[in-house]
Structure formats: C-alpha cells, structure tokens
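Values quoted throughout were computed directly from the atomic coordinates according to the rules given, and no laboratory measurement underlies them. Being a predicted model, the structure only gives us computed values, none of them experimental.
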Amino acid sequence: MPRIKDLSTSTSLSQSTARDKQETETMYLEITSKGSKFYSKDYFQSDSTMQAITEKDTQSLNINLGSFKFKGRIRYNIEKMYPDYSTNFFTTLGSDEYQVQENRKQNWKTLPEKEKIIFLK
C-alpha cells in the first residue's frame, strides 16, 4: 500500500509579465518499497473525476466531457523505480501522452538550507 510521505508546495511565477504574482500548487510524493511517484494533487483529483464520469457515461453510451476542466497547472508526473533508480517522466501534449525514460543514476548534492542559489536572487 503506497503512503504519502511528504506534501510539498510548488511555487511558480505566472506566465504573465507580472512577476509579483506567484501561484502555488500542492504536490504529492508517494513512496513505496518499489519506487516513488511525484505528482500534482489538483491534477490527480481532476483525472480521477474524469475517469469516474467516463465510466458512468460509458454505460449509457453518452459521454459528455464538454464542460469538464482539469485543475492544476502542473500536468506531468515522475515515477522512480527501485533498486535500479530508473526514472520515467510522463506528460501530455494535447490528447497525447508521452513518456521519457531515464536510466542513468542521479548524483545529488545536498546543500545547507541557508545557502543561496545564485539565479534565485
């Protein structure tokens, strides 16, 4: 059974020229013994709602998703598999879903919390 180990908030600048407007989105980090998944809470809930509507409407042969709108700005998810640390990046473009697989092991450098990152000044 997967467990959500960490809830984090992603902050991004909006796509407008107003640099003072920041948008936040809650992200889930789901960890199991076989791997981990990182995804948007809002997008996941929207996707689950759409699947429920589709399953219900399939029985009546009348599927209407015209008024349905996905929530969440972050539309991708990342899965990492253990013990080989292969990473899969899933994203959509229009109605097509794409997967990019990365098999190289990443070497992370952990910095102290107080260290400034130059490009974020």
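Please go through the residue pairs K80/K109; K37/K109; K37/K105; K80/K114 and name each one whose alpha carbons sit more than 23 Å apart in this structure. Walk me through the intermediate numbers first.
Numbers: K80/K109 18 Å; K37/K109 21 Å; K37/K105 16 Å; K80/K114 28 Å.
Pairs exceeding 23 Å: K80/K114.
Give me the number: length gained by fully extending Y76 to E113, i.e. 0.36 nm times residue separation minus the C-alpha to C-alpha distance, one decimal in nm.
Details: separation 37, 0.36 × 37 = 13.32 nm, distance 2.67 nm.
Contour length minus the Cα-Cα distance gives 10.7 nm.
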